[in-house]
Amino acid sequence: VQLQASGGGLVQAGGSLRLSCAASGRTLSNYVMGWFRQAPGKEREFVSAINWSGGNTYYADSVKGRFTISKDNAKNTLYLQMNSLKPEDTALYYCAARWGTYLISNDLDYGYWGQGTQVTVSS
C-alpha cells in the first residue's frame, strides 16, 4: 500500500484543517487506516483509526470531540477533519495502514506509512 498525505498548514488556534491521505496499490477492504502525529522532541502518538470495511472508528482522548476520521471508498482516500485546533496539536501528521480489522493504537502494528504533513497551530 502506498500512502500520500496532504492538507497540512498553518492555522490559528480555534481554526480547522482537513488532512487527506490517498492510498494506492491494494484494495483497502481488509485494512485499518490510522493517523499518527509526532511533535518535535516527542514520540509519535496515535490520533485516530478507522476500519475501512466496517467504518468503526477510534480516537485518542486528546482529540475526541474535535477530530473526525472518515474515508471515501470510491477515491481510496482517508481524511482527518480537525476542528478547534490547539497549539498542542502542532506536529507532523502521518497516515498509516495495517492489515486486519482491529483498531490498534500502537504504531508498531502499522506496516505502511505515508510521508508526514506538517500542522502548525499558532496561539
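The values are calculated or read from the model by the stated rules, or taken from the named source; none is laboratory data. From a predicted model like this one, the values you see are computed outputs, not experimental measurements. Cβ sites come from the backbone with ideal geometry, for glycine too, and all protein chains shown count toward neighbours. With ligands, DNA and RNA removed, areas are computed over all heavy atoms of the protein, side chains included. Shrake-Rupley method; radii C 1.70, N 1.55, O 1.52, S 1.80 Å.
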Report summary line: Taking region 87-103 and keeping only residues that are surrounded by 17 or more Cβ atoms within 10 Å (Cβ to Cβ) and closer than 26 Å to THR27 by Cα, one is left with TYR93, TYR94, CYS95, ALA96, ALA97, ARG98, LEU103
Report summary line: All-but-one check, SER84 against (1) open to solvent by 10 Å² or more (accessible area, probe 1.4 Å); (2) touching a strand residue (DSSP E or B) at 6+ places or on another chain (Cβ under 7 Å); (3) modelled with pLDDT of 95 or more, failing number (2)
Query raised in the report: Could you count how many residues in region 21-46 are of a type in the set (Asp, Glu) and surrounded by 14 or more Cβ atoms within 10 Å (Cβ to Cβ)?
Result: 1
Report task. Quick one: which strands (runs of 3 or more DSSP E) lie wholly within region 4-89 and hold at least 2 residues that are within 23 Å of LEU108 (Cβ to Cβ)? Result -> 17-24, 31-38, 45-51, 57-59, 67-72, 77-82
Requested in this report: Being within 25 Å of ALA13 (Cβ to Cβ) and either modelled with pLDDT under 95 or surrounded by 14 or more Cβ atoms within 10 Å (Cβ to Cβ) (or both) is the filter here, so list the residues in region 58-77 that pass it.
Outcome: TYR59, ALA60, SER62, VAL63, ARG66, PHE67, THR68, ILE69, SER70
